[in-house]
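Just so it is clear, none of the values below were taken in a lab; they were calculated from the coordinates. Keep in mind that this is a model prediction, so the values were computed, not measured. Methodologically, a virtual Cβ is constructed for each residue, glycine included, from the backbone with ideal geometry; neighbour enumeration extends over all protein chains shown.
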Amino acid sequence: MQSRNKFLDDMSQLMTNAMGVAQGAKTEAETAMKSLVDRWMADRDFVTREEFDAVRAMAQKAREENTALAARIAALEEAQAAGKKKA
């Protein structure tokens, strides 16, 4: 038969309570840090992923149009040069 040791029971209860308090403090610290980071990022002028993707698509379209216009100018210049040679 085992006897219960009051000191060990009290220490066990104290440690259990301390772990609960530590877990609560950890959760509260994580929440505070996340709030701080969210506020810091909101104060900066960061763009959302959707805005970034929209601007990237616009830039891609502009590059493609630039390439097409450059080819068209080159063809017109060649046609003009060929017309001058005939005259």
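Assorted remarks:
- Label of the coordinate-derived value, Rg and Dmax of the Cα atoms in Å, listed as [x] 12.7, 45; [y] 15.9, 47; [z] 35.8, 121: [z]
- If the chain linking residue 12 and residue 75 were pulled fully straight, counting 0.36 nm for each residue of separation and taking away their Cα-Cα distance, it would gain 13.9 nm.
- Square roots of 5 times each gyration tensor eigenvalue, C-alpha, region 1-46, largest first, Å: 45, 6, 4
- Within straight-line cross-link reach of residue 61, aspartates and glutamates at Cα separation under 16 Å, skipping those fewer than 8 residues along the same chain: 51, 53
- Considering only 81, 29, 41, the residue lying farthest towards the positive end of the dipole of the chain is 81, judged by Cα position with unit charges set on Cβ.
- For region 47-87, the percent of C-alpha pairs falling in each 10 Å distance bin, counted from 0 to the bin holding the largest distance, reads 27, 25, 20, 15, 9, 3.
- When only alpha carbons are used to place a centre, region 28-87 and region 3-25 end up 61 Å from one another.
- Unit charges on C-beta of K, R, D, E only; dipole of region 2-87, Debye: 500 debye
- Two-site label geometry, residue 38 and residue 66: point separation in nm, points 7 Å out along Cα→Cβ: 4.0 nm
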